[in-house]
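Chemist: Structure in structure tokens, see below.
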Amino acid sequence: MDYTYDREERVEMLILIVEDEAAIARFLERGLNAHGHRVVCAYDGEEGTRLAVDEPVELVLLDISLPRLDGRDVLRRIRLRRSDLPVLMLTARDDTRNKVDALDAGADDYLTKPFVFEELLARVRALTRRSGQAESAQIQTDGLTIDLLSRHAWRGDQRIELSSREFALLEYLMRHSGQVLSRQQILSAIWDYDFEPVSNVVDVYVRHLRNKVDPPDGPSLIQTVRGAGYRFNPTPTS
């Protein structure tokens, strides 16, 4: 791994590293400390789950292969208690199936080992940028409401549990209601960096959102525009 540190950014966060390889955890801790962050480490899945739930951590770097409790199981337990906590999955498995599995399990992003430390920092910034924006408005349409300050969503009176990335995607779609947005536009706006041309990360997250926000007895709010992308298209109100 290439651990080169740029000391320009100094936005302090409490970051949890869940990584069973002590050398990697130390490298990550040293690099994050150099950028002004505070770090707490766990070396197995059960301790990582406890710290994520009980401590005021603001972001989790989570390895997939862990002793005592697999990283995907850790992630599922985190989502039950802290659905909006940003989680960046670290994996040595560089195949599409494992990446999609990580996203399906609730990860906001993933990074394949070995990686350049600056890329990890860029992804950390992308995951936390929107949560630090001080907005105090709501967007409402067709019974669906999102609150930009609390980062919560509702359908009617029922709260919808969304990860930070799912919320960011829903916000982007709702802000551009009626517009056709290409996959690359969505990637650039929500992930802030380029994926492989064949990446299906947008499709995975759109599927997640449809399952969570679509009305039970109506058409999907997120339409697929063949060959072009997606469009948020709420049904007209009477």
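The values are calculated or read from the model by the stated rules, or taken from the named source; none is laboratory data. Everything numeric in this text was worked out from a predicted model, so none of it was measured. All Cβ positions, glycine included, derive from the backbone under ideal geometry; neighbour counts span all protein chains shown.
Chemist: So D194 fits all but one of (1) modelled with pLDDT of 90 or more; (2) farther than 25 Å from R76 by Cα; what number is the exception?
Modeler: (1)
Chemist: Quick one: is L111 in a strand (DSSP E or B), modelled with pLDDT of 85 or more and in contact with a Lys or Arg (Cβ under 7 Å, 6 or more places away or on another chain)? Explain how you work it out, then say what you get.
Modeler: Numbers: in a strand (DSSP E or B): yes; modelled with pLDDT of 85 or more: yes; in contact with a Lys or Arg (Cβ under 7 Å, 6 or more places away or on another chain): yes.
Judged against the criteria, L111 is a match.
Chemist: Another one. Quick check on my filter: what residues within the range 22-45 are surrounded by fewer than 15 Cβ atoms within 10 Å (Cβ to Cβ) and either in contact (Cβ under 8 Å) with a residue 40 or more places away in the chain or touching a Leu at 6+ places or on another chain (Cβ under 7 Å) (or both)?
Modeler: The answer is R38, and nothing else.
Chemist: On to the next question. Please determine, by comparing only the residues of the range 29-50 that are at pLDDT below 95 and among the aliphatic types (A, V, I, L, M), which one is farthest from L127 (Cα to Cα).
Modeler: A34
Chemist: Further, regarding this structure: Are any of the residues in the range 68-82 of a type in the set (V, I, T), closer than 14 Å to S163 by Cα and either assigned to a helix (DSSP H, G or I) or not assigned by TED's automatic domain parsing to the domain that holds L32 (or both)? If you could, list the steps in order and put the result at the bottom.
Modeler: To start, the set of residues in the range 68-82 that are of a type in the set (V, I, T) comprises 74, 78.
Then keep just the ones that are closer than 14 Å to S163 by Cα; that gives 78.
Okay, now just the ones that are also either assigned to a helix (DSSP H, G or I) or not assigned by TED's automatic domain parsing to the domain that holds L32 (or both), so 78.
Yes, some residue in the range 68-82 is of a type in the set (V, I, T), closer than 14 Å to S163 by Cα and either assigned to a helix (DSSP H, G or I) or not assigned by TED's automatic domain parsing to the domain that holds L32 (or both).
Chemist: Can you report the number of residues in the range 159-182 which are among the basic types (K, R) and touching a Phe, Trp or Tyr at 6+ places or on another chain (Cβ under 8 Å)? Spell out how you get there, then give the answer.
Modeler: Step one: filter the range 159-182 for residues among the basic types (K, R), giving 159, 165, 175.
Subsequent filtering for residues that are touching a Phe, Trp or Tyr at 6+ places or on another chain (Cβ under 8 Å) retains 165.
Residues that pass the stated criteria total 1.
Chemist: Continuing with the same structure: Give me the pairs: first residue in the range 170-181 and in a strand (DSSP E or B), second residue buried (at least 18 other Cβ atoms within 10 Å of the Cβ), beta-carbon distance under 8 Å, and six or more apart or on different chains, which are they?
Modeler: V180/G229; V180/Y230; L181/L173; L181/G229; L181/Y230
Chemist: Related question: Within the range 128-175, count every residue that is surrounded by 16 or more Cβ atoms within 10 Å (Cβ to Cβ), modelled with pLDDT of 85 or more, within 19 Å of R82 (Cα to Cα) and of a type in the set (K, R).
Modeler: Counting residues in the range 128-175 that are surrounded by 16 or more Cβ atoms within 10 Å (Cβ to Cβ), modelled with pLDDT of 85 or more, within 19 Å of R82 (Cα to Cα) and of a type in the set (K, R) gives 1.
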